[in-house]
Amino acid sequence: PAVDAGWAEEVRALAQAQDAVVLAHNYQLPEIQDVAHFTGDSLALSRIAAESTASTIVFCGVHFMAETAKILSPEKTVLIPDAGAGCSLADSITADQLRSWKAEHPGAVVVSYVNTTAAVKAETDVCCTSSNAVEVVESIPADREVLFLPDQFLGAHVRRITGRQNMHVWAGECHVHAGISGPALTAQSEAHPEADLYVHPECGCATSALYLAGAGAVPAEHVKILSTGGMLDAAREAKPGGTVLVATEVGMLHQLRRAAPEVDFRAVNDRASCHYMKMITPAKLLRALREGRDEVHVDPELAERGRAAVQRMIAIGQ
Ligand code: 13P
Ligand code: SF4
């Protein structure tokens, strides 16, 4: 087994002794998801971090998630079991690049995906996650220009749903989701023509999924573009005995199979694993609780400037 028998008990006991809440993203290793007090998508975890009364948050996820928790709750101790757990999408725009982009579009409203650094959030008007990106953009008056960053596939999805023309989209991407391609989705869907498709909007294949539905190759009601939390809600309603093709990071399959054991969930790309998410190992979680590391610090001035944008994010789409 990946963990020995006493590991989960020790994690829970140390967390209790230190008044710590353990949060895990849906892409974490199964044993980390199972030991956490809460497992969820980016938005749900941000809300839990903001509302928790625990004095310490141990964030099993990537660095921007722990930073977001610290921005929301500067008085709490926020730990991440490995501060090296980054995100290729958050790395696809810097605060300097954003400042230059803003200078080209004076007066535009800046909407940043939560997958951004604290320095980028400090330059942002409102953050969003994949669960509420459409609602966030719809909340902005129609005559205001929007700068949407950094994910081009999520941006294209939001533009498609809202029909918004005055929205500019940054050309960033997540290397894991960009690698879940249209041809892979089409091939899987031909092999399983009766299957539902759950597609994360960061995927390179999000457009292909809608194309398959538009062309009648897949019934439109079988195609669902969803955040990881949205996938879990859909799974609870899924037909027992059915097949679902899942286009997102493979860690998601664990929660889906738990939520609906009678459904056959299959990864569209079974190599779509985020090595940053998988840097959080059982041993490092234990180390975090024993040694109080790695502690996440956000420059108080940046945190102050980014806080309102993150607070708007957690308020929209409740
Ligand atoms: P959600 O959990 O918000 O769908 O985010 C996906 C993701 O890529 C997080 O890194
Ligand atoms: Fe970032 Fe992509 Fe990994 Fe999510 S899956 S943490 S967006 S690199």
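The values are calculated or read from the model by the stated rules, or taken from the named source; none is laboratory data. None of the values given here were measured: they were computed from a predicted structure. Cβ sites come from the backbone with ideal geometry, for glycine too, and all protein chains shown count toward neighbours.
Take the conditions (1) in a strand (DSSP E or B); (2) surrounded by fewer than 18 Cβ atoms within 10 Å (Cβ to Cβ); residue 216 misses just one of them, which is (1).
Per-residue answers, yes or no, for (1) out of contact with any Cys (no Cβ under 8 Å at 6 or more places or on another chain); (2) more than 12 Å from ligand 1 (Cβ to nearest atom):
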{"residue": "7", "(1), (2)": "yes, yes"}
{"residue": "14", "(1), (2)": "yes, yes"}
{"residue": "35", "(1), (2)": "yes, yes"}
{"residue": "40", "(1), (2)": "yes, no"}
{"residue": "58", "(1), (2)": "yes, yes"}
{"residue": "62", "(1), (2)": "no, no"}
{"residue": "70", "(1), (2)": "yes, yes"}
{"residue": "76", "(1), (2)": "yes, yes"}
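So that you can scan it fast, the table gives a plain yes or no per residue for (1) free of Cβ contacts under 8 Å to residues at least 40 places away in the same chain; (2) closer than 27 Å to residue 83 by Cα; (3) crowded, with 18+ Cβ neighbours inside 10 Å:
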position: 101; (1), (2), (3): no, no, no
position: 107; (1), (2), (3): yes, no, no
position: 116; (1), (2), (3): no, yes, yes
position: 124; (1), (2), (3): no, yes, yes
position: 142; (1), (2), (3): yes, no, no
position: 166; (1), (2), (3): yes, no, no
position: 170; (1), (2), (3): no, yes, yes
position: 185; (1), (2), (3): no, no, yes
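Report whether or not residue 139 is within 19 Å of the chain's Cα centre (by Cα), outside the structural domain of residue 27 (by TED's automatic domain parsing) and hydroxyl-bearing (Ser, Thr, Tyr). No.
For residue 272, the requirement of being out of contact with any strand residue (DSSP E or B) (no Cβ under 7 Å at 6 or more places or on another chain), assigned to a loop (DSSP other than H, G, I, E, B) and under 15 Å from residue 26 (Cα atoms) is met. For residue 213, the requirement of being more than 20 Å from residue 89 (Cβ to Cβ), away from ligand 2 (no atom under 16 Å from the Cβ) and not polar (S, T, N, Q) is met. When the helices (runs of 4 or more DSSP H) confined to the range 1-60 are screened for residues that are over 28 Å from residue 129 (Cα atoms) and out of contact with any Gly (no Cβ under 7 Å at 6 or more places or on another chain), those reaching at least 1 such residues are found at 7-17. Summed over the range 228-251, the residues that are touching a Ser or Thr at 6+ places or on another chain (Cβ under 9 Å) and of a type outside the set (S, T, N, Q) give a count of 7.
Of the helices (runs of 4 or more DSSP H) lying entirely inside the range 95-183, those carrying at least 1 residues that are within 14 Å of ligand 1 (Cβ to nearest atom) and either of a type in the set (A, V, I, L, M, F, W, C) or under 30 Å from residue 212 (Cβ atoms) (or both) are 133-138, 152-162, 175-178.
The set of residues in the range 42-53 being more than 12 Å from ligand 1 (Cβ to nearest atom) and either of a type in the set (S, T, N, Q) or surrounded by fewer than 20 Cβ atoms within 10 Å (Cβ to Cβ) (or both) consists of 48, 50, 51, 52, 53. If only residues of the range 279-297 that are touching a Phe, Trp or Tyr at 6+ places or on another chain (Cβ under 8 Å) and closer than 19 Å to residue 27 by Cβ are counted, the one that is nearest to ligand 2 (Cβ to nearest atom) is 296. Condition check: touching a residue at least 24 places away in the same chain (Cβ under 8 Å), touching a helix residue (DSSP H, G or I) at 6+ places or on another chain (Cβ under 6 Å), farther than 30 Å from residue 95 by Cβ and surrounded by fewer than 23 Cβ atoms within 10 Å (Cβ to Cβ). Does residue 259 satisfy that? In short, yes.
Scanning the range 57-77 for residues that are free of Cβ contacts under 8 Å to residues at least 40 places away in the same chain and either touching a strand residue (DSSP E or B) at 6+ places or on another chain (Cβ under 9 Å) or closer than 14 Å to residue 22 by Cα (or both) returns 57, 73, 76. Just so you know, in the range 230-249 the residues that are surrounded by fewer than 18 Cβ atoms within 10 Å (Cβ to Cβ) and in a loop (DSSP other than H, G, I, E, B) include one that is nearest to ligand 1 (Cβ to nearest atom), and it is 237.
Of the residues examined, residue 260 is one that is assigned by TED's automatic domain parsing to the domain that holds residue 197 and over 23 Å from residue 82 (Cα atoms). For residue 18, the stated conditions hold: it is away from ligand 1 (no atom under 12 Å from the Cβ) and either in contact with a helix residue (DSSP H, G or I) (Cβ under 9 Å, 6 or more places away or on another chain) or at pLDDT 95 or above (or both).
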